[in-house]
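The structure appears below as structure tokens.
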Amino acid sequence: MKILVTGGSGFIGSTFIHYWLTRHPDDSIINFDKLTYAANPESLSDLTANPHYQFVQGDICDEIAVDKLFSDTIDLIIHFAAESHVDRSIDDPMLFVKTNVLGTYTLLSAAKKHGNIRFHHISTDEVFGTIIPGVVDVFSESTPYNPSSPYSASKASADHFVRSFGKTYGLPITITNCSNNYGPFMNPEKMIPRMITNLIDGKKVPIYGAGENYRDWLYVTDHCSAIEAVILNGKLGQTYCVGGLKETSRNIDLVKQIIKLMNKSEDQIEFVADRPAHDNYAVNWDKVHNELGWEPKETLTSGLQKTIDWYQTHESWWRAAKTEAEAFYQRLNAARNK
Ligand SMILES: NC(=O)c1ccc[n+]([C@@H]2O[C@H](COP(=O)([O-])OP(=O)(O)OC[C@H]3O[C@@H](n4cnc5c(N)ncnc54)[C@H](O)[C@@H]3O)[C@@H](O)[C@H]2O)c1
């Protein structure tokens, strides 16, 4: 099978490419990625000589570049490429409209034009908005969309386009809406790697608000196995919610757990002004479990330990990205404090 992966140089995409080629070594993957600030080509440097892996740099919004990818027969598209950081979406929403909405539309049009190619779209539970106790206690496939941030609004719009191409043109689509991922190779702008790398650097760990917001956490290779299950055995036209644990974790408890695992002090916790429209998330993944037999393997403790070990031993991978991410947060905080 020949697979087009978009955004394969980012966190989940690069983990997925390794995951897939290890388990399906006869398949071939083309990784189409713009290499934005969020990408790190180092994550895939071990595959440079692999004849089953090819990298093409390009923008999913570029119709001509996307069209060219189909000069070879493509059997399956797995669409990871996105602007993925909520705080950046608050800063620059138009970029999210372009990449996440227009980019997804461009890929869908190409998939339709080149023979209704199977299209799997990677989405987020953030499209459902926030948990409202007594009203929406947990997200599932039937939860109405109610996005809060420009990021989640752009992902929600993309999901609607994907479904509409399934219904209107018969494009064989599937969607996974997953909870927050964590693991190695994640940009240190995101919460868990930012906490870990701040602790490594002996710096304070900022927590939004009082740290009461909660979510469930999905270890990245558990997400990859869920995508694999949906690609191989999922029903066309369907959405599958994918979550980490049946219990959720408050941000304050999460940071305390990381501090404990790293033998650091809780004095390093610093409470900062809350993010606007800060959501709570919890995913019910019964459907993917009951239909496809999927369940996560990692507990939060085992996944965090693996993640901490990796950041402690891979500073050369994350240092430059951390410098850039901290500069971004400084600009963001200055703008919010105006
Ligand atoms: N990280 C999470 O916790 C999480 C949770 C739920 C869903 N998701 C979704 O999973 C997908 C992957 O997330 P991630 O965390 O790996 O993201 P990431 O930010 O780490 O990587 C995104 C990748 O997409 C590429 N990209 C961005 N714009 C592009 C464009 N216009 N053309 C081509 N490539 C482009 C970037 O260069 C980067 O390699 C996204 O669709 C995201 O919305 C992520």
Discussion item. Can you find a residue that is buried (at least 16 other Cβ atoms within 10 Å of the Cβ), within 19 Å of the chain's Cα centre (by Cα), over 19 Å from GLY13 (Cβ atoms) and modelled with pLDDT under 95 anywhere in the range 95-118?
Written reply: no
Practice prompt. Working only within the range 307-320, note down all residues that are touching a Ser or Thr at 6+ places or on another chain (Cβ under 9 Å) and surrounded by 15 or more Cβ atoms within 10 Å (Cβ to Cβ).
Written response: TYR311, TRP317, TRP318
Practice prompt. Would you check which residues across the range 152-180 are in contact (Cβ under 8 Å) with a residue 40 or more places away in the chain and either more than 22 Å from SER109 (Cα to Cα) or polar (S, T, N, Q) (or both) and list them?
Written response: SER152, SER154, SER157, THR174, THR176, ASN177, CYS178, SER179, ASN180
Worksheet item: Which residue, of TYR329, TYR281, is touching a Ser or Thr at 6+ places or on another chain (Cβ under 7 Å) and not hydrophobic (A, V, I, L, M, F, W, C)?
Response: TYR281
Worksheet item: Among GLU291, GLU326, which is within 30 Å of GLN238 (Cβ to Cβ) and outside any loop (DSSP other than H, G, I, E, B)?
Response: GLU291
Worksheet item: Assuming VAL138 fulfils every condition listed in (1) at pLDDT below 95; (2) crowded, with 22+ Cβ neighbours inside 10 Å; (3) β-branched (Val, Ile, Thr) apart from one, which condition is it?
Response: (2)
Discussion item. Could you go through the range 41-56 and let me know if any residue there is assigned to a helix (DSSP H, G or I), away from the ligand (no atom under 11 Å from the Cβ) and among the hydrophobic types (A, V, I, L, M, F, W, C).
Written reply: yes
Item to complete: Report yes if some residue within the range 10-17 is in a strand (DSSP E or B) and either within 8 Å of the ligand (Cβ to nearest atom) or touching a Ser or Thr at 6+ places or on another chain (Cβ under 7 Å) (or both); otherwise report no.
Response: no
Worksheet, complete the sentence: Within the range 64-83, residues more than 10 Å from the ligand (Cβ to nearest atom) and in a helix (DSSP H, G or I) come out as ILE64, ASP67, LYS68, LEU69, PHE70, SER71
Discussion item. Among the residues of the range 20-29, are any within 18 Å of the chain's Cα centre (by Cα) and not acidic (Asp, Glu)?
Written reply: yes
Fill in: Output for the range 84-101, where each listed residue is farther than 18 Å from ALA273 by Cα and in a helix (DSSP H, G or I)
PRO93, MET94, LEU95, PHE96, VAL97, LYS98, THR99, ASN100, VAL101
Worksheet item: Within the range 18-36, can you find the residues that are more than 8 Å from the ligand (Cβ to nearest atom) and within 24 Å of LEU95 (Cβ to Cβ)?
Response: ASN31
Discussion item. Tell me whether the range 36-53 contains one or more residues that are in contact with a strand residue (DSSP E or B) (Cβ under 6 Å, 6 or more places away or on another chain) and in contact (Cβ under 8 Å) with a residue 40 or more places away in the chain.
Written reply: no
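The values are calculated or read from the model by the stated rules, or taken from the named source; none is laboratory data. Only a predicted model underlies this, so the values are computations on that prediction, with no experimental measurement involved. Neighbour counts are summed over all protein chains in view; Cβ atoms, including those assigned to glycine, are modelled from backbone coordinates with ideal geometry.
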